[in-house]
Amino acid sequence: MKFIKIDKKDWAKGIEKSRETYQLFGPVKDKNGFFIKSLEKDVLPDMEYHDSVMSAKSVLFPQTEKMLSATLDESCEDHHIMKNIQDDYSPRAVVGIRPYDAKAVELVKLNFDTEDYRDPYWCDAYEATTFVGLGINKPGPFDFSTSTGSGPFCEDGLDVLLADLDDMYLAKVLTDKGDAFLGACGFDKVVDEKESGVMFDVLRKEAEKNITSQIDTDKLKDKTILELHEAPFWDDLAFSCINCGTCTYVCPTCWCFDIQDETKQKSATRFRNWDTCMSPLFTRHATGHNPRDSKTQRVRQRFMHKLKYFLDKYDQGIMCVGCGRCVKSCPVNIDIREVCNRMNSYEKQD
Ligand code: SF4
Ligand code: SF4
């Protein structure tokens, strides 16, 4: 394992240098908080941020994405034939992504890159992206990542993990992609592996001690879908939900989308847009029938998908990395930690 020391006084110059090869994304602040955005020239990732309102999922899965286009002009030989829109999949790097968000990318990959089907838009973007993580020295009160298989210094899904040591970053190089990115920045001060490894361990243990919020998931696998589906607590849990969809939009592991065609004069475009299982429109058929017509059905679907269907299907843990965004953002305080614990401890009464 290679470790590289980066003096903070060299940081800005190195990041600017990397633009010769990479399109950069990172945390930037606006009036509503921090967001992971494309970094225009001379804008550096704000590495002082704690957490971002939205995760980095839009780097691979934009909120609105053009998929195909066609001309409707019948004088053209290829009229009405949908064609791929060539997107830019040149190298890009997300600098300062939090470890739980990188772990989320790995969970989403299970859906977009399968043995049977490869989503070309998501996968091409994924392959073009280098993830440069920033460990969380002081996790916040909503963070329960250590009980979801992630954590403040989790390395899953990352190419480089940075530790903030006041006047320097210590970079743990995890993949060739990560090595190439640091090379493009000109960061090449290799430091002692053993000492650096110990330093990361100390930081990780210290950070993990700050995480007091936890969920229990150990019994979810043994329960049947039917018993959880029919559990008596769903009406109660769903009662206050206003179906705003915020929990799904802020979630780094939610991937639902809708596809729409739009025409304008003689051109047609097929888009995909983020959608949410919390909206009644999400499952409404063209006939008007809606298999998930009630709020209880939709709230149950969200939690069953994250905490039971995903777990059963992929055997890779639950579909939640414990970032706490949905807990923090829900206007009526519906809390996945409470739901998960209720599901985990539920025993059917005969
Ligand atoms: S954020 Fe809260 S109120 Fe809004 S859809 Fe999600 S659970 Fe319901
Ligand atoms: S379900 Fe909530 S806590 Fe879990 S990853 Fe999504 S937003 Fe974060």
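For THR212, the conditions (1) within 27 Å of LEU110 (Cβ to Cβ); (2) within 16 Å of ligand 2 (Cβ to nearest atom) all hold with the exception of (1). Against the list (1) more than 14 Å from ligand 1 (Cβ to nearest atom); (2) over 23 Å from the mean Cα position of the chain (by Cα), the condition ILE211 fails is (2). Contact map, region 317-329: residues that are aliphatic (A, V, I, L, M) paired with residues that are in a loop (DSSP other than H, G, I, E, B) and more than 6 Å from ligand 2 (Cβ to nearest atom), Cβ distance under 7 Å, separation 6+ or inter-chain. Pairs shown: ILE318/THR148; ILE318/THR217; VAL321/THR148; VAL321/SER150; VAL327/PHE142; VAL327/ASP335. Taken together, the residues in region 36-64 that are in contact (Cβ under 8 Å) with a residue 40 or more places away in the chain, surrounded by fewer than 19 Cβ atoms within 10 Å (Cβ to Cβ), within 25 Å of CYS247 (Cβ to Cβ) and not hydrophobic (A, V, I, L, M, F, W, C) amount to 4. Working only within region 305-342, note down all residues that are among the hydroxyl-bearing types (Ser, Thr, Tyr) and away from ligand 1 (no atom under 14 Å from the Cβ). Across region 305-342, the qualifying residues are TYR309, TYR314. When the residues of region 238-253 are filtered to those that are buried (at least 19 other Cβ atoms within 10 Å of the Cβ) and either among the aliphatic types (A, V, I, L, M) or modelled with pLDDT under 95 (or both), which remaining residue is farthest from ligand 2 (Cβ to nearest atom)? Here the residue is ALA238.
Going through (1) modelled with pLDDT of 95 or more; (2) under 29 Å from PHE271 (Cα atoms); (3) loosely packed, with under 13 Cβ neighbours inside 10 Å one by one, LYS9 falls short only on (2). Sub-9 Å Cβ pairs linking a first residue in region 108-135 that is in contact (Cβ under 8 Å) with a residue 12 or more places away in the chain and more than 26 Å from PRO27 (Cα to Cα) to a second residue that is surrounded by 15 or more Cβ atoms within 10 Å (Cβ to Cβ) and among the hydroxyl-bearing types (Ser, Thr, Tyr), at least 6 apart or interchain, are ASP113/TYR126, ordered by first then second residue. Just one of the listed residues (ARG300, ARG284) is surrounded by fewer than 15 Cβ atoms within 10 Å (Cβ to Cβ), away from ligand 1 (no atom under 11 Å from the Cβ) and in the same structural domain as ASP258 (by the TED database), and it is ARG284. Determine if region 107-114 includes at least one residue that is farther than 24 Å from CYS340 by Cα and among the aliphatic types (A, V, I, L, M). The answer is no, given that none of the residues of region 107-114 is farther than 24 Å from CYS340 by Cα and among the aliphatic types (A, V, I, L, M). Contact map, region 233-248: first residue farther than 25 Å from TRP274 by Cα and not assigned by the TED database to the domain that holds LYS57, second residue part of a helix (DSSP H, G or I) and within 7 Å of ligand 1 (Cβ to nearest atom), Cβ cut-off under 8 Å, separation 6 or more or different chains; pairs are TRP234/VAL299. Among the residues making up region 295-319, a single one is touching a Pro at 6+ places or on another chain (Cβ under 9 Å) and under 18 Å from VAL250 (Cβ atoms): ARG298. Among all residues of region 26-39, there is at least one that is part of a loop (DSSP other than H, G, I, E, B) and either closer than 28 Å to PHE181 by Cα or among the β-branched types (Val, Ile, Thr) (or both).
The values are calculated or read from the model by the stated rules, or taken from the named source; none is laboratory data. Please read all numbers here as calculations on a predicted model, not as lab measurements. Cβ atoms come from the backbone with ideal geometry, glycine included; neighbour counts cover every protein chain shown.
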